[in-house]
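See structure below.
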Amino acid sequence: MKIEFERIGFEGQTTEIFHICKLFFDEVEAVYEPASDARLHMLIQVQADTSDGMMTAYVRMVDRIGGQTYENRHSRAIKSGDEGVKRSVKRAIGYGLLKVLGDYTGMEQAWGTLTGVRPTKLMHNMMMTKSIESCKQILRDEYLVSEAKVELLAGIAERQLRVIPDLFRLEREVSIYIGIPFCPTKCAYCTFPAYDIRGSNGSVEAFLEGLHYEIHEMGRWMREAGVAITTIYWGGGTPTSITAEQMDALFVAMHEAFPAIDKVRELTVEAGRPDTITEDKIEVMKRWKVNRISINPQSFTQATLDTIGRHHTVTETIDTFKLARKLGMNNINMDLIIGLPNEGMNELQRTLDETAKLMPESLTVHTLSFKRASRMTKNKDDYEVAKRDEITEMIRAASEWTERNGYKPYYMYRQKNILGNQENVGYSLEGFESLYNILMMEERQTIIGLGCGAVSKVLFPKVAHEDGFEQRIERFPNPKEPSVYNQAYKEYIGKKIRLLNEAYDVAVKKV
């Protein structure tokens, strides 16, 4: 859909405008100059009245083919300060756009004007200064979030604070992400660093040499800075693609380098591909007290696994899970994806039925997202996926199944281009919530990324404002390709330490 925008009384907000439009149309071309070939003409006018501290956003849309006109006028109090004014304008415009486009298309958006990845972060920010009921009302009235999603957000935020009572007091601790960028094959939907472990993107041995060096250097920085570790997470790729001996050597390096590693609250290894998990690797993880692993089926339909390039069988998933159980792994997560090619309610029900036979301690239910660089997105016409209404029904079915089986939602996030404008939700049995998932998604402490494709998120001191607080977060990505990492890891380590010093040399301001 091509939409011509005319703006009066403000500039900017083009990104927010585009993302609101994308909720309603698969393909959007937004233009900000006269375009006679645009089917929709959108006028957005913002007026502020400083005498009463209110601003009004007026949105009028004309369908040049159908001849209909749709309009909305929305007023709200102006927040103080430049950033406050920007937030007020953004919310008012989003509100009007959502109303007008909803009237035009007849579509309801359960998440309202929220287009960001971390809606629970917004919830936590509001809860720092407001009651839970006030937060819920703001979500309903100002962001137009549906009652079901409001309750989901509130329930998750409250559970997270029970699971990590010091969630807002972890500034002098960090979590560690270790990225191991190898997989047996790369799935069609994947954009994570996932290189064929038999390929030519840089030797595994050279990568591990760099990772060992990075572990020791970052361990030295943490000791000197007096920073403790909350959680450690091995991701990738598939960490269990490397050998048991290589895994063991990495654990040795971690215990040599990291401060007070025996006090780390959680150590997770993302053993996601069943075809990489062996008895000797499980024994290594047990010896080093790994207390959480993932074994990810994604689907229990073999034709789906073949289509997306998983290259393992449903039987392998079940057998590997049972092996891990037999060897004493008592905290296992499984990932499922709703909306994979050629899957509908029948395939989802089969997956849920098989999951019920295994009963992992936690379950992450993803909704398929067409990520820009994935093979699936580049060849979108080759993959048939469920329509919006069916995706909504599948999400509902999965949610009802988790509730019947004793799982409760404990973290969630959203993605751009996610099917049906839905979400990804982590569920767990009581006491088996992933602490790292909460900390990473809510951005409440620094995450130090080590290894290939790992992204560090460095948090700077908090600054309070009327809606909670603002916090500068600097992302620092390591190279994605093993060959580049192998050549440049020392340079990246130096830059990362300088960034960390800048953040941690300043005393944290309490909100």
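The values are calculated or read from the model by the stated rules, or taken from the named source; none is laboratory data. Here the structure is a predicted model, which means the values were calculated and not measured. Virtual Cβ from ideal backbone geometry, glycine too; neighbours counted across all protein chains shown. Heads up: the accessible areas ignore ligands, DNA and RNA and are worked out on the full protein's heavy atoms, side chains in. Shrake-Rupley method; radii C 1.70, N 1.55, O 1.52, S 1.80 Å.
One line per residue, one yes/no per condition, for (1) more than 23 Å from GLU361 (Cα to Cα); (2) at pLDDT 95 or above:
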position	(1), (2)
ILE229	yes, yes
PHE251	yes, yes
GLU270	no, no
ARG273	no, no
ARG292	no, yes
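Is it the case that some residue within the stretch 398-409 is under 13 Å from the mean Cα position of the chain (by Cα) and at pLDDT 95 or above? Checked the stretch 398-409: no residue is under 13 Å from the mean Cα position of the chain (by Cα) and at pLDDT 95 or above. Among strands (runs of 3 or more DSSP E) entirely within the stretch 395-459, having at least 2 residues that are farther than 30 Å from LEU23 by Cβ and open to solvent by less than 20 Å² (accessible area, probe 1.4 Å) singles out 446-451.
When MET54 is tested against (1) loosely packed, with under 12 Cβ neighbours inside 10 Å; (2) within 15 Å of GLY9 (Cα to Cα), only condition (1) is not met. Is it the case that the stretch 239-260 has a residue that's assigned to a strand (DSSP E or B), open to solvent by less than 50 Å² (accessible area, probe 1.4 Å) and not hydroxyl-bearing (Ser, Thr, Tyr)? No: the stretch 239-260 contains no residue that is assigned to a strand (DSSP E or B), open to solvent by less than 50 Å² (accessible area, probe 1.4 Å) and not hydroxyl-bearing (Ser, Thr, Tyr).
Hey, can you tell me all the residues within the stretch 267-289 that are open to solvent by 10 Å² or more (accessible area, probe 1.4 Å) and under 23 Å from the mean Cα position of the chain (by Cα)? Once the filter is applied, which keeps residues that are open to solvent by 10 Å² or more (accessible area, probe 1.4 Å) and under 23 Å from the mean Cα position of the chain (by Cα), the stretch 267-289 yields LEU267, GLU270. Taken over the stretch 296-342, the residue count meeting the criterion of being in a helix (DSSP H, G or I) and open to solvent by less than 10 Å² (accessible area, probe 1.4 Å) is 6. Scanning the stretch 87-144 for residues that are out of contact with any Gly (no Cβ under 8 Å at 6 or more places or on another chain), under 20 Å from PHE25 (Cα atoms), among the aliphatic types (A, V, I, L, M) and in a helix (DSSP H, G or I) gives ILE93, LEU97, VAL100, LEU101. Scan the stretch 343-351 and give yes if some residue there is open to solvent by 40 Å² or more (accessible area, probe 1.4 Å) and hydrophobic (A, V, I, L, M, F, W, C), otherwise no. Yes.
Of all the criteria given as (1) free of Cβ contacts under 8 Å to residues at least 40 places away in the same chain; (2) touching a Ser or Thr at 6+ places or on another chain (Cβ under 8 Å); (3) farther than 22 Å from ASP280 by Cβ, the one not satisfied by MET247 is (3). The strands (runs of 3 or more DSSP E) located wholly in the stretch 1-69 that include 1 or more residues which are at pLDDT below 90 occupy 40-49, 54-63. The numbered conditions (1) small (Gly, Ala, Ser); (2) under 25 Å from MET441 (Cβ atoms); (3) at pLDDT below 90 are all true for SER200 except (2).
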